[in-house]
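Take a look at the structure below.
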Amino acid sequence: MNEYDQTLVAEPLLIVDGEVERPLSLGFVDLLAFPQDDQVEDVSRFHAGRSGDAVTFAAILRTASPRSDANYVTLHADRDDFHVSVPLADLRDQGLVVYRSGARGLNPDRGGPIRFLIRDPKACRSSELDECANVKYLSRIELTIRKGRDTRPVDDEAHAALHREQERERTR
Ligand SMILES: Nc1nc2c(c(=O)[nH]1)N[C@H]1C(S)=C(S)[C@@H](COP(=O)(O)O)O[C@H]1N2
Ligand SMILES: [Mo]
């Protein structure tokens, strides 16, 4: 543990709850403790220009053990009240939970401390699994029977406005 930033070690970062047998509260150490096969080092291999190291969503799911009636996954970002809800079957093998950058935490300017990424996202607003579902500041993964809260913009204008807002946020 010594090589890791000690300020990261104690804090819980991510809740997994809803229609699961085993609700989880995961911190940096818990994410680090997932087996090597579940760790995805250097996400720039999938997405040029992105950085950081992840645990697969599939591994987190396996640990939480979804109930058989779980059909949707809602990704919550409390920080800016942004939410995305997508079918579990579509997301199952597509999700990456980025939680560190080498031995350090993931900076907020990269969507940290936890950033959800879809391996192969479609263009914004073209699919359930689009780039807009790459949720920054992820605080909670909730499994539900029906589709949950989804605050992704519904038209081009709202989407363009959100992107402008994010650009401002990033350069603040
Ligand atoms: N928490 C949060 N996550 C978010 C958003 C947001 O407004 N808040 N915007 C989404 C949208 S619309 C897009 S296209 C991507 C953009 O992220 P990027 O600039 O890192 O590609 O983040 C997504 N994740
Ligand atoms: Mo987007």
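So the values come out like this:
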read-out: For the range 73-80, Karplus couplings with θ = phi - 60° (6.51, -1.76, 1.60), whole Hz, Gly/Pro x; value: 10, 10, 9, 10, 10, 4, 3, 10
read-out: Cut-off 16 Å (backbone N to label point 7 Å along Cα→Cβ of Arg172), residues of the range 91-119; value: 107-113
read-out: Carbon + sulfur, % of accessible area of the chain - ligands and nucleic acids excluded, 1.4 Å; value: 46 percent
read-out: Residue with peak Gaussian network fluctuation, the chain [Cα springs, cutoff 10 Å], from Arg62, Arg140, Arg100; value: Arg62
read-out: Phi to ³J(HN,Hα) by Karplus 6.51 cos²θ - 1.76 cosθ + 1.60 over the range 12-27, Hz, x for Gly, Pro; value: x, 10, 9, 9, 10, 8, x, 7, 10, 6, 10, x, 10, 10, 9, x
read-out: Sites Asp42 and Asp81 - FRET efficiency at Förster radius 25 Å, r taken between beta-carbons, to 0.05; value: 0.25
read-out: Two-site FRET efficiency, Ala33 against Ala103, from Cβ-Cβ distance with R₀ of 22 Å, rounded to 0.05; value: 0.90
read-out: Relative contact order for the range 104-172, counting Cα pairs under 8 Å that sit 6 or more residues apart, in percent; value: 24 percent
read-out: Accessible area per residue in Å² at 1.4 Å probe, computed on the chain; value: 53 Å²
read-out: Cβ crowding within 10 Å averaged over residues, with 124-133, 52-61 ranked highest first; value: 52-61, 124-133
read-out: Antiparallel content of DSSP bridges confined to the chain, in %, to 5; value: 85 percent
read-out: Top of Asp156, Asp93, Asp120 by mean-square fluctuation, Gaussian network on the chain, Cα under 10 Å; value: Asp156
read-out: Gaussian network model of the chain, springs between alpha carbon atoms under 10 Å - residue of Leu14, Leu32, Leu117 with greatest fluctuation; value: Leu32
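The values are calculated or read from the model by the stated rules, or taken from the named source; none is laboratory data. Keep in mind that what you see is a predicted model, and the values were worked out from it rather than measured. So basically every Cβ, Gly included, is an ideal-geometry build from the backbone, and we count neighbours across all protein chains shown. Surface accessibility is based on the protein's heavy atoms, side chains included, excluding ligands, DNA and RNA. Shrake-Rupley method; radii C 1.70, N 1.55, O 1.52, S 1.80 Å.
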